[in-house]
Amino acid sequence: ADFDAKKKRKVAEIYQALNSDPINVATLRRMAISEGGLLTDEIRRKVWPKLLSVNTDDLPPLPARKELREDNKDYQQVLLDVRRSLRRFPPGMPDDQREGLQEELIDIILHVLQRNPQLHYYQGYHDIVVTFLLVVGDRLATALVEKLSTHHLRDFMDSTMDNTKHILNYLMPIIDQVNPEVHDFMQSAEVGTIFALSWLITWFGHVLSDFRHVVRLYDFFLACHPLMPIYFAAVIVLHREQEVLDCECDMASVHHLLSQIPQDLPYESLISKAGDLFVQFPPSELAKEAAQAAQAERTAASTFKDFELASVQQRPDTVLRQRFRERLRGEERLRGEERTKSTLTKPRTNRFVKLAVMGLTVALGAAALAMVKSALEWAPKFQLQIFP
């Protein structure tokens, strides 16, 4: 009963924020982040557009299906991926209904790509789009996905995977800050971060079988900084600390363990933890280590295709980095103890406010913002100057 009362209160607060003039987006962000997220798909239909600043009053009509598909360079690949997406639809949905939705899914993707020639389709993109389609329907999904693709997902939609790799390079520094033992074990196993690739580029839509968990995460990610999914990935690895450390310390074993994501994760506490880590170790603080990781990666496994090779390549720089890190860690630990004291004594509500404010200032900025604070427009090319 207590839970129901809390839920009722939250629903009331969300509608109050929606009905205020101007709409109270900061409160909506806080609601999307805090326990339970936005609660129902009916609420999501109203709130998700606000989190992405999409005006729902004048949604453009969808173009004719035939025109969209003729001579479209991405059509065949999109068709293949969508045909394979059976398990992303609710079990028990009638075939004809699902097939109708799959056709809509293809249309949305082709429409967004046609309108934004600078965006490149990637495998896994359809996993994000289908989530929006199932929650908000095709017209609104098209508008939301377009906004998302030119903002949060922009780095994944470049012609190369360089920017995606840079984002993956944040994973190890976050783990290192929280649990150096797990970090060093993963470094020794030379497992890299490829296991988290499908998590990141599908916002976990591809790997979680329960739709409720997927939309709960989307509430969270839509309300936060574009790099939040990588913090959430780190928190999953940290949550599995014991399994990781009990694993054989070699690439194949650790990669296999980590790429099998458990379905019974304690989502609320992990979301809360990811939020804490973002506040404690913002991307700007991790950028240097991520850049070093990029350097190291270039010397060993320069592209995802070299992934298999990485296991046979010895990396002498690992030893040097280890020494350098031990020195840094001594200094960090002293600073960290101070920081942790202050972080732990703050009340929880303060964290949500801070997260919501960060979400507000950065969510429609960019991952680039994390690295170049002064750059206020989305500029994926910035990273290329930082990682020449």
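Looking at the stretch 161-295, the accessible area is 31 square angstrom per residue; that uses a 1.4 Å probe and ignores ligands, DNA and RNA.
When +1 charges are put on Lys and Arg Cβ atoms and -1 charges on Asp and Glu Cβ atoms, the dipole computed for the stretch 1-143 relative to its Cα centre reaches about 520 debye. Relative to a virtual label point 7 Å from the Cα of residue 212 in the Cα→beta-carbon direction, which members of the stretch 223-237 show backbone nitrogen distances below 14 Å? What the label zone holds, given the 14 Å backbone N cut-off, is no residue at all. Residue ranking by accessible heavy-atom surface, 1.4 Å probe, largest first, among 93, 161 comes out as 161, 93.
Among 255, 225, 239, the sequence by solvent-accessible area, most first, with a 1.4 Å probe is 239, 255, 225. Of the trypsin sites (Lys or Arg not before Pro) found in the stretch 70-175, the ones in coil according to DSSP and having at most 11 other Cβ atoms within 10 Å of their Cβ are 73, 84. The residue list 254, 226, 209 was ranked by how far each Cα lies along the charge dipole of the stretch 161-295 toward its positive end, using unit charges on Cβ atoms, and 226 comes out on top.
Efficiency by 1/(1 + (r/R0)^6): what FRET value for residue 253 and residue 87, r their Cβ-Cβ distance, R0 = 41 Å, to the nearest 0.05? Walk me through the numbers on the way to the answer.
Values: r = 27 Å, r/R0 = 0.65.
Between residue 253 and residue 87 the formula returns 0.95.
Cβ under 13 Å from residue 39's Cβ, residue 39 left aside: what net charge do those residues give with Lys, Arg +1 and Asp, Glu -1? Overall, the nearby charge balance is +3.
Carbon and sulfur atoms: what percent of the 1.4 Å accessible area of the stretch 161-295 do they account for? Mind showing how you got there, number by number?
On the way: 2140 of 4130 Å².
C and S fraction of accessible area: 52 percent.
Of the heavy-atom accessible surface of the stretch 1-40 (probe 1.4 angstrom), what whole percent is carbon and sulfur? Let's see the in-between values first.
Numbers: 1250 of 2370 Å².
Of all accessible area on the stretch 1-40, carbon and sulfur atoms account for 53 percent.
When all protein chains stay in place and ligands, DNA and RNA are ignored, the 1.4 Å accessible-area order of 2, 127, largest first, is 2, 127.
Other residues within the sphere of radius under 14 Å centred on the Cβ of residue 66, judged by their own Cβ, net out at -3 (K and R +1, D and E -1).
The values are calculated or read from the model by the stated rules, or taken from the named source; none is laboratory data. The shown structure was predicted, so the numbers you read here are calculated from the model rather than taken from an experiment. As a convention, Cβ positions derive from the backbone with ideal geometry for all residues, glycine included, and neighbour counts pool all protein chains shown. Please note that ligands, DNA and RNA were not included when accessible areas were found on the heavy atoms of the full protein model with its side chains. Shrake-Rupley method; radii C 1.70, N 1.55, O 1.52, S 1.80 Å.
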